[in-house]
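Peer 1: Pasting a structure here, questions to come.
The values are calculated or read from the model by the stated rules, or taken from the named source; none is laboratory data. Just so it is clear, the model here is predicted, and its values are computed rather than measured. Methodologically, a virtual Cβ is constructed for each residue, glycine included, from the backbone with ideal geometry; neighbour enumeration extends over all protein chains shown. To get the accessible areas, we keep the full protein, side chains included, count just its heavy atoms, and leave off ligands, DNA and RNA. Shrake-Rupley method; radii C 1.70, N 1.55, O 1.52, S 1.80 Å.
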Amino acid sequence: MQLFSKVGKTRIVPIGFKIGLIFIVLILLSNFATNFISVRLSQKQLVKLNNQIMVDQLKELYNNASNQYQIYSYSGNKTDVSSSMKKVAAAGFTNPNSVAIGVDKLGNIKFLATNNPETIWTRFIDTDALEKLNSDYENDLVEGSLLFKTLEGEFFGVYKYHSDWDYYLIRAELRDDVNRNTHRVFGTTSLIIVILTILFIVIGYMILHHEFRTIRQFTSELYAMQKKKKMGLIDISKASNDDITYMATSFNSLSASVNSLLTTFQKFVSKDVVAKAYSEQGISLEGSQQELAILFSDIRSFTYRTETLGNDIIDVLNVHYNRVIHNVHENSGVVGSIIGDAILAIYGTLDSKMSKSYNAIRAAWDITHETAKLREEMIERRKEIEKTRQLTESEENVFQAVLIDVGVGVDGGTVFYGNIGSHEHMANTVIGDNVNSASRLEGLTRFYHLPVIVSEYVKNEVTSESARYKFYEIDTVLVKGKTEGKKIYLPFDTNEMSTDLMNQYDIFEEGLQAYYKGDWKNARKSMKACELEVAEVFLERMGTKGSAPADWSGIWTMTTK
């Protein structure tokens, strides 16, 4: 599965990516927080250390100032004394703005030593700090720590009053210098943290990538199942023995149970209902008006076969339906119901490149071809038996009973298709006049001695998209319960139809047109010239002589369903 793929509208983020991202953020936060705390603590310790150093340096400067005062008392050379004191003070400077100053009680700078040549102070401008120094002096406090502000910034340091020189000796450092060093340390440490973090991320990624390989495999397989909308089994042959593999094993067990239930469920309901139940996670009592094609197939002489075979008829039916149902599904149809020896199939509920009527006709011929193959297999078995002996009378009856023949009727139009019943028990069904019509068309196959008969609706839909099937008009029939006659047709596959057979149906069509016009004399002539069984139906209907009735409309009225 690709990174950040989608399931529906939901974007899927791999768990390994989430864990890795969380670890990276936490590691960086932890390291930077630790570094910041460490630097802050170090900064305090550094200030304390600086103070201690400055105290030591101040003591040295103080002692040197005392010595220099003695020298000054004898020599009177203040310049040399001041220069000597500056050298002693500067020896302890470590920062760019380190200073040592002498400030009298009025704020005059009497002595100045600094690393910064641009620093030129003549006055101690921080009056608050000066006031504190004088206040402490009046209270006999002549040394201590000190904070004071200048134009360069805030300084911190230590001081001690020198009675000989009558000014305060101050040793101080600019806070920005100390902070700058701290920031430099913090930046260097942070850079090291980032470099190490990247290194450990690469190492961690390689480790996690290896450890999460089974998760990626499982996720990819689950994603593929989701796209196909079909549960399968996860391959755990190369997985490690951890809890993730245990979850995959549990899923496989659940998937096998669901697939078993789904397979069983699919055997009792149509494929489109199964697909809808899987995608919508349920089935409800609902239906709608749809344009569908209906196929109705029935076994001829079923009563005789049942009486002859007894309970064995079930085995024969199972062999027959195994082939018929396969033909229905292969041609994008669904089985609506199985009623004893009859099957109702529905076309138009599943996606297909061809029309519903085209698929229904193709399935109708496939069904008749399969039953013909089954009869041929039975005949071959009989021949094998007769090579050694003749069949007994009971065996002959069984043989005739298993020679199954079917008729197929196909009609189409607007019908109700959906689920009816209750929430305790429901059934998928199709209801409409066209459903009854398909059943009646199947019944007419016996009367006209034809394997397949379709309606004009089916003929018009198929001829508009394909020239594969040639439709021969068989009759115009008024079925029982209807007031309007309907034309019925035999669809022939031009890929399988012989020239001789086409000529026979052309002769039949000539006779049928004469029959419609009431010219029964020429109709009889054509029908007698036709070698098809269907022609015998019309010869029997017209009789050997006589003309059409005075009120002849060309429509034959059925007296039975």
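Peer 1: Taking R0 as 35 Å, what FRET efficiency do you get between Leu261 and Ala342 from their Cβ-Cβ distance, rounded to the nearest 0.05?
Peer 2: E between Leu261 and Ala342, to the nearest 0.05, is 0.80.
Peer 1: Restricting everything to alpha-carbon atoms, can you work out Rg to Rh for region 63-184 with a Kirkwood hydrodynamic radius?
Peer 2: 0.97
Peer 1: Along the charge dipole of region 100-162, pointing to its positive end and built from +1/-1 on Cβ of Lys, Arg, Asp and Glu, which listed residue (Leu106, Ser145, Val158) has its Cα farthest out?
Peer 2: Result: Leu106.
Peer 1: Something else about it: Can you pull the percent of region 431-493's accessible area that's carbon plus sulfur, 1.4 Å probe, other chains left in place?
Peer 2: 50 percent
Peer 1: Could you tell me what percent of the accessible area of region 354-400 is made up of carbon and sulfur, with a 1.4 Å probe and every protein chain present?
Peer 2: Solvent-exposed carbon and sulfur of region 354-400 make up 49 percent of the total.
Peer 1: Which aspartates and glutamates have a Cα less than 15 Å from the Cα of Lys528, not counting those fewer than 8 places away in the same chain?
Peer 2: Leaving aside aspartates and glutamates fewer than 8 places away in the same chain, those within reach of Lys528 are Asp506, Glu509, Glu510, Asp519, Glu536, Glu540.
Peer 1: By how many nm would the segment from Leu539 to His329 lengthen if fully extended, with 0.36 nm per residue of separation less the alpha-carbon distance?
Peer 2: That works out to 71.6 nm of additional length.
Peer 1: To the nearest 0.05, what FRET efficiency results for Ser163 and His183 with a Förster distance of 35 Å applied to their C-beta separation?
Peer 2: Calculated transfer efficiency: 0.30.
Peer 1: Related question: Quick check for you: with a 1.4 Å probe and neighbouring chains kept, what is the accessible area per residue of region 377-531, in Å²?
Peer 2: About 51 Å² of surface per residue is accessible.
Peer 1: Rounded if a/c is under 1.5, else prolate if a/b is larger than b/c, else oblate: which is region 436-561, with a ≥ b ≥ c the root eigenvalues of its Cα gyration tensor?
Peer 2: Oblate.
Peer 1: In square angstrom, what is the accessible area per residue of region 136-189 with a 1.4 angstrom probe?
Peer 2: Using a 1.4 Å probe on heavy atoms only, each residue of region 136-189 averages 51 Å².
Peer 1: So what is log10(I(q)/I(0)) for region 147-188 at q = 0.14, 0.15, 0.22 1/Å, when the Debye sum runs over its Cα atoms only?
Peer 2: -0.45, -0.49, -0.75
Peer 1: While we're on this one: For each pair in Lys353/Lys487; Lys87/Lys132; Lys459/Lys486; Lys459/Lys521; Lys132/Lys160; Lys356/Lys482, compute the distance between the two Cα atoms and list the pairs where it is over 18 Å.
Peer 2: Lys353/Lys487; Lys87/Lys132; Lys459/Lys521; Lys356/Lys482
Peer 1: Still on this model: First measure r as the distance between the Cβ atoms of Asn252 and Gln390, then evaluate 1/(1 + (r/R0)^6) with R0 = 56 Å and state the FRET efficiency to the nearest 0.05.
Peer 2: The formula returns an efficiency of 0.45 here.
Peer 1: How much of the accessible area of region 84-130, in percent, comes from carbon and sulfur atoms when a 1.4 Å probe is used?
Peer 2: Solvent-exposed carbon and sulfur of region 84-130 make up 53 percent of the total.
Peer 1: Provide Lys387, Lys59 ordered by accessible surface of protein heavy atoms (probe 1.4 Å), highest first.
Peer 2: Lys387, Lys59
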